[in-house]
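I have placed the structure first, in the form of structure tokens, so that the comments after it can refer back to it.
Please treat every number below as a calculation from the coordinates, not as lab data. This is a predicted model, so every value here is computed, not measured. Backbone-built Cβ (ideal geometry, glycine too); neighbour counts: all protein chains shown.
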Amino acid sequence: MSGSVSGSISTSAGPAEQAVSTPPLIELEGVVKHFGNVHALRGVHFDLRPGEVHALLGQNGAGKSTLIKIFAGVLDKDSGTIHIEGLETAFKSAAAARAAGVAVVYQELSLVPSMRVADNLYLAREPSRFGLVNRRKLVADARRFLEEQGLPLNPTARVEHLPFAYRQLTEIAKALSGEVRVLVLDEPTSSLSRGEEEILFDAVRKISRQGVGVIYVTHRLEEVFKLSDRVTVLRDGANVGTFATSDVTMEQLVGAIVGPSGTGASGKPESYKRPSPSETGQPVLELVDVRNDRLNGVDLVVQAGEVVGLAGMIGSGRTEILESIFGLRRIASGKLLIDGENRKVRAPIQAIGLGAGLVPEDRHLQGLVLDHSIERNVALPRLDRLDFFGLFRQRESKARARAAIDGLSIVAPSTGTRAAELSGGNQQKVVFGRWSDPTPRLLLLDEPTVGVDVGAREQIYEVVRTMVANGASALIVSSDLGELLMLTDRIAVVAGGRVVDVMPVSEIRNEEHLHQIVQEAQP
Ligand SMILES: Nc1ncnc2c1ncn2[C@@H]1O[C@H](COP(=O)(O)OP(=O)(O)OP(=O)(O)O)[C@@H](O)[C@H]1O
Ligand SMILES: [Mg+2]
């Protein structure tokens with residue numbers, strides 16, 4: 001299967017030449033889709049040329065994922081046409097689309113966590129001999145393939161043991177491992193940091209040079225300029241426009257995305273520093289030489305009213321620090337002090353009882369119950385408490401859900417809407433909404449704006465600032481270093497399962513400088 005990426009693609013001409021001589025790889029026209037009363041797509045046009053990287057942009061709930069799912073055979077359209085290389089086609093299933101070379105990496109990962117990377121890559125296409133899977137060949141093939149694609153993955157690593165971003169890379173490798181003519185990436189970099197992002201970009205550039213058409217969904221607008229040839233912007237299920245990337249500015253893109261009544265948020269924050277550094281006081285949280293399977297002696301202090309950022313590469317231990325505090329990961333030795341008292345936190349419920357709240361990185365594994373309503377999801381950490389009040393509970397949890405929907409501008413028909421029916425960014429806001437009232441005294445935020453659009457990102461920053469102004473302290477992990485510089489008072493640099501350096505944000509010149517500090521800290 002090595003080299004199969006180039007499979008049926010016969011030409012190596014660039015996108016510009018091909019645009020004239022060949023029909024688009026895919027052309028969608030007048031595509032309409034309703035979910036009940038929600039008008040998700042209102043007659044959308046989209047076309048993809050061979051060899052181009054076409055960015056698909058829009059706010060949370062704009063209809064990007066729906067559009068992708070329709071041509072990938074996952075959802076039926078209500079009306080409209082889809083042409084593939086000039087022929088009208090509608091895939092009846094995801095498998096049919098995959099067989100025709102449409103590979104999609106969805107926002108929600110689809111790996112089997114208990115299996116190895118190599119097994120996941122070959123799930124549908126294991127090399128067999130006499131009906132049995134040849135284990136050794138499978139791993140060797142996977143290794144060769146990963147090397148060719150330049151993806152730094154160990155084929156024998158078990159997916160569940162991989163940090164989230166590596167799971168994302170595995171998902172991408174899986175998509176590339178079959179015959180591919182169209183590759184769709186729905187927010188592939190949402191949890192990758194800059195160095196890691198480049199690995200993915202290289203893979204994308206390589207595959208587009210081979211003539212594959214790439215559709216790239218992202219909320220990180222800088223990526224659009226680094227990677228794409230054209231951009232299509234959707235708003236409220238309708239086309240705003242399709243542009244050559246070289247013809248638009250960041251400002252124009254933001255304007256197109258948020259629309260005339262938008263929040264006016266800019267793609268890049270203008271002022272980095274927090275307006276007024278909060279008063280520091282008693283330590284709320286102290287870690288003293290904390291060790292376990294992933295941590296090698298973490299020392300860290302968070303003062304009352306303080307916001308501390310954890311900066312580091314994938315696998316450095318940032319998430320594991322949060323998990324160890326929140327009772328999701330056993331602490332083998334060392335001390336965890338909350339409000340100066342030595343505590344043993346063995347489960348999240350204890351951490352919540354001590355005033356901590358976690359917004360996890362992977363909202364599907366840990367953050368949300370997809371089958372439950374927004375209301376139940378927002379009420380989750382205190383269901384037990386609310387149950388006490390019988391009927392009152394319902395009214396209170398509905399009010400809380402309503403407040404979360406309004407406060408975070410969650411796009412949803414009602415508080416009873418199931419989380420599964422929300423767009424990805426709105427799901428993230430629901431996870432956040434859980435901690436908005438009452439606010440925990442210690443917020444643990446892991447990539448808080450993953451998958452959140454430019455306007456909503458500002459809203460989440462505002463929520464964090466308000467929580468802190470009301471007395472909360474926060475520990476924030478983010479691979480978006482600009483975000484860390486904007487939100488935090490101090491930065492702790494994490495490498496090799498330890499905090500190797502701590503500095504006030506005022507000592508860091510800019511994002512580039514912090515990036516350098518993080519890189520130099522690597523063991
Ligand atoms: N299975 C579903 N059932 C009901 N409504 C849905 C379903 N899937 C999506 N929707 C609704 O359709 C609209 C478009 O959602 P979609 O997931 O396409 O947005 P998106 O542009 O991908 O947003 P995001 O950037 O947040 O991922 C939203 O209002 C969403 O709530
Ligand atoms: Mg989406």
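Would you please put 421-428, 148-155, 297-304 in order of how densely packed they are, using the mean number of other Cβ atoms within 10 angstrom per residue and starting with the highest?
In descending order of packing, they fall as 421-428, 297-304, 148-155.
Rounded, prolate or oblate, given the Cα gyration tensor of the stretch 426-507, with a/c below 1.5 counting as rounded?
Working: a/c = 1.75, a/b = 1.47, b/c = 1.19.
Taking the square roots of the gyration eigenvalues as a ≥ b ≥ c, the stretch 426-507 is prolate.
Sort 319-329, 345-355 for me by packing, meaning the mean count of neighbouring Cβ atoms within 10 Å per residue, highest on top.
By packing density, highest mean first, the sequence is 319-329, 345-355.
Once amide H atoms are placed 1.01 Å from N in the peptide plane, what residues at a sequence separation of 5 or more from LEU75, or on another chain, have their amide H within under 5 Å of its amide H?
ILE70
Looking at this model, which pairs from LYS92/LYS206; LYS69/LYS429; LYS64/LYS92; LYS33/LYS174; LYS77/LYS398 are more than 26 angstrom apart at the alpha-carbon?
With Cα atoms farther than 26 Å apart: LYS92/LYS206; LYS33/LYS174; LYS77/LYS398.
In terms of modelled amide H atoms, which long-range or inter-chain residues lie less than 5 Å from the amide H of GLY297?
It is VAL290, ARG291, ASN292, by chain and number.
Mind checking the stretch 466-523 for trypsin sites (Lys or Arg not before Pro) that DSSP puts in a loop (not H, G, I, E or B) and that have at most 12 other Cβ atoms within 10 Å? Could you put the intermediate results ahead of the total?
Details: sites: ARG490, ARG498, ARG509; in loops: ARG509.
Counting only loop positions with at most 12 other Cβ atoms within 10 Å, the trypsin sites (Lys or Arg not before Pro) in the stretch 466-523 are ARG509.
Sort the following peptides by mean Cβ neighbour count (other Cβ atoms within 10 Å, averaged over residues), highest first: 83-96, 197-210, 439-452.
For the peptides 83-96, 197-210, 439-452, the packing ranking is 439-452, 197-210, 83-96.
Pull up all non-local amide H partners of ALA304: gap of 5 or more, or a different chain, and H-to-H distance under 5 Å with H placed in the peptide plane.
Counting only residues 5 or more places away or on other chains, the set is GLY281, GLN282, VAL284.
Per-residue HN-Hα couplings for the stretch 85-93, Karplus 6.51 cos²θ - 1.76 cosθ + 1.60 at θ = phi - 60°, whole Hz, x for Gly and Pro?
Values per residue, Gly and Pro as x: 6, x, 9, 5, 9, 9, 5, 7, 7 Hz.
Which shape class, rounded, prolate or oblate, goes with the stretch 298-353 when its Cα gyration tensor gives a ≥ b ≥ c as root eigenvalues, a/c under 1.5 marks rounded, and past that a/b bigger than b/c marks prolate?
Oblate is the answer for the stretch 298-353, as a/c is 1.5 or above yet b/c matches or exceeds a/b.
Find the centroid of the Cα atoms in the stretch 330-348 and in the stretch 416-461, then give the distance between the two in whole Å.
27
Taking θ as phi - 60°, what are the ³J(HN,Hα) couplings along the stretch 403-416 by the Karplus curve (6.51, -1.76, 1.60), each to the nearest whole Hz, with x for Gly and Pro?
Here the 3J(HN,Hα) series is 4, 5, 4, 6, x, 10, 6, 6, 8, 7, x, 7, 5, x Hz.
Take GLU396 and SER409, extend 7 Å from each Cα along the Cα→Cβ direction, and tell me the distance between the two endpoints in nm.
So the two model labels end up 3.1 nm from each other.
Can you bin the stretch 51-108 into rounded, prolate or oblate? Criterion: square roots of the alpha carbon gyration tensor eigenvalues sorted a ≥ b ≥ c, rounded for a/c under 1.5, prolate for a/b above b/c, oblate for the rest.
Since a/c stays below 1.5, the shape of the stretch 51-108 is classed as rounded.
Output the relative contact order of the stretch 402-498, whole-number percent, from Cα pairs under 8 angstrom with separation of 6+ residues.
Relative contact order comes out at 26 percent.
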